[in-house]
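Q: Pasting a structure below so you can have a look.
The values are calculated or read from the model by the stated rules, or taken from the named source; none is laboratory data. Remember, it's a predicted structure, so these values are computed and weren't measured experimentally. Neighbour counts run over all protein chains shown; Cβ positions are idealised from the backbone, glycine included. When the accessible area is computed, the model is the full protein with side chains, heavy atoms only, and any ligands, DNA or RNA have been set aside. Shrake-Rupley method; radii C 1.70, N 1.55, O 1.52, S 1.80 Å.
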Amino acid sequence: MIAVYDSGLGGLTALREARRLLPGEDFMYFGDTARIPYGTRSAEIIRAYARQSLDFLAVFSPEAVLIACGTVSSVALPMLKERYPFPLYGVLQPAVRAACAATRNRRVGVIGTQATVSCGRFRAELEEKRPDLSVFQAACPLFVSLAEEGWTAPDDPVASAAARRYLDCFLQAGTDTLILGCTHFPLLSGVIQRILPGVTLIDSGACAARDLAAALPGPASGRGTLSCYVSDAPEHFARLAERFLNEPLPRPTLALSRSAL
């Protein structure tokens with residue numbers, strides 16, 4: 001069984017790609033919906049939330065865990081890799097490799113949560129891999145709420161207004177490649193592409209799913225099943241998640257005790 005973990009719904013974009021690539025594997029999804037958004041929290045709190053979530057997933061003895069959260073991948077992944085015995089895959093390095101390969105004018109943008117942008121991991125990884133790059137960053141915290149509310153249509157007036165405000169700096173900088181450093185953000189790709197026509201968008205969750213699929217040894221060991229767990233509001237999660245996955249979703253199970261939150 002492969003586990004996919006995110007703070008909320010965004011990681012479903014990575015899950016969708018992982019299931020497409022690995023149709024014979026059993027998957028488990030955990031969304032820490034009681035504590036979203038992670039991106040406004042301190043690094044210490046993000047690491048604590050991630051440890052509690054991985055402790056929950058460890059009970060199921062996963063073959064691997066895809067951390068489909070740009071914030072956790074940026075802030076907590078090295079610590080998590082030292083703590084757990086199963087392989088952990090984050091979204092940061094796969095997205096960086098894809099952006100380095102995609103850019104033609106060496107001007108790369110990164111958007112993410114406030115915590116992701118503030119910690120500077122995407123910038124550092126990009127500059128280490130390609131010292132010739134000019135890297136531009138912007139925190140887009142409202143994008144998470146827009147994705148969670150389902151306000152993602154390319155012509156949605158609220159989403160469009162937020163995108164124009166957040167993304168104007170990339171127009172001014174002439175970036176030709178933009179990393180979507182939060183897995184919620186591909187849900188707004190239509191909105192983003194209207195503001196940044198011609199810019200290559202790097203879906204960090206899909207990049208991580210491809211890395212995971214390439215790394216797994218041998219044939220699929222499951223039956224293609226999917227189970228879902230959330231830490232709060234399973235009904236709300238189910239209503240939105242089914243649309244994101246484009247298929248019926250098993251009823252989410254409420255996970256983690258209230259005392260652990």
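Q: Can you run down the residue pairs with Cβ atoms below 6 Å, 6 or more apart or on separate chains, where the first is in segment 21-39 and under 24 Å from Ile111 (Cβ atoms) and the partner is of a type in the set (A, V, I, L, M) and open to solvent by 30 Å² or more (accessible area, probe 1.4 Å)?
A: From residues that are under 24 Å from Ile111 (Cβ atoms), the pairs are Thr33/Ala233.
Q: Then there's this: Could you check, for segment 165-180, whether at least one of its residues is touching a Phe, Trp or Tyr at 6+ places or on another chain (Cβ under 7 Å) and of a type in the set (Gly, Ala, Ser)? Explain how you work it out, then say what you get.
A: Taking segment 165-180 first, the residues touching a Phe, Trp or Tyr at 6+ places or on another chain (Cβ under 7 Å) are 169-170, 173, 175, 178-179.
Then drop every residue that is not of a type in the set (Gly, Ala, Ser), which leaves 173.
Checked against the condition, which is being touching a Phe, Trp or Tyr at 6+ places or on another chain (Cβ under 7 Å) and of a type in the set (Gly, Ala, Ser), segment 165-180 yields at least one hit.
Q: When you scan segment 28-39, how many residues do you find that are open to solvent by 10 Å² or more (accessible area, probe 1.4 Å) and within 19 Å of Ser204 (Cβ to Cβ)?
A: 2
Q: Still on this model: So Arg20 clears everything in (1) under 27 Å from Ala220 (Cα atoms); (2) part of a helix (DSSP H, G or I); (3) open to solvent by less than 10 Å² (accessible area, probe 1.4 Å) except one condition, right? Which one?
A: Arg20 satisfies every listed condition except (3).
Q: Among the helices (runs of 4 or more DSSP H) lying completely within segment 56-112, list those that include at least 1 residues that are more than 21 Å from Ala209 (Cβ to Cβ) and open to solvent by 10 Å² or more (accessible area, probe 1.4 Å). Give the derivation first.
A: Numbers: elements: 70-75, 77-83, 92-102.
Filter on segment 56-112 gives 77-83.
Q: Restricting the search to segment 142-165, which residues are without any contact (Cβ under 8 Å) to a residue 12 or more places away in the chain and within 23 Å of Ala115 (Cα to Cα)?
A: Of everything in segment 142-165, those that are without any contact (Cβ under 8 Å) to a residue 12 or more places away in the chain and within 23 Å of Ala115 (Cα to Cα) turn out to be Glu149, Trp151, Ala161, Arg165.
Q: Can I ask one more? Taking segment 155-178 as the search range and keeping residues that are within 20 Å of the chain's Cα centre (by Cα) and not in a helix (DSSP H, G or I), which one is surrounded by the most Cβ atoms within 10 Å (Cβ to Cβ)? Walk me through it before giving the result.
A: So the first thing to find is which residues in segment 155-178 are within 20 Å of the chain's Cα centre (by Cα), and the list is 159, 162-163, 166-167, 177-178.
From what's left, not in a helix (DSSP H, G or I): 177-178.
Details: Thr177: 23, Leu178: 26.
Ranking the qualifying residues of segment 155-178, first place goes to Leu178.
Q: Among the residues in segment 132-152, are any open to solvent by 10 Å² or more (accessible area, probe 1.4 Å), assigned to a strand (DSSP E or B) and of a type outside the set (A, V, I, L, M, F, W, C)?
A: Yes.
Q: Can you name the residue in segment 179-217 that is surrounded by fewer than 24 Cβ atoms within 10 Å (Cβ to Cβ) and of a type in the set (S, T, N, Q) and is also farthest from Glu63 (Cα to Cα) among such residues?
A: Only one residue fits best here, namely Gln193.
Q: Quick check: anything in segment 166-176 under 27 Å from Arg104 (Cα atoms), touching a residue at least 60 places away in the same chain (Cβ under 8 Å), in contact with a helix residue (DSSP H, G or I) (Cβ under 6 Å, 6 or more places away or on another chain) and among the hydroxyl-bearing types (Ser, Thr, Tyr)?
A: no
Q: What about Phe122, is it modelled with pLDDT of 95 or more and open to solvent by less than 10 Å² (accessible area, probe 1.4 Å)?
A: yes
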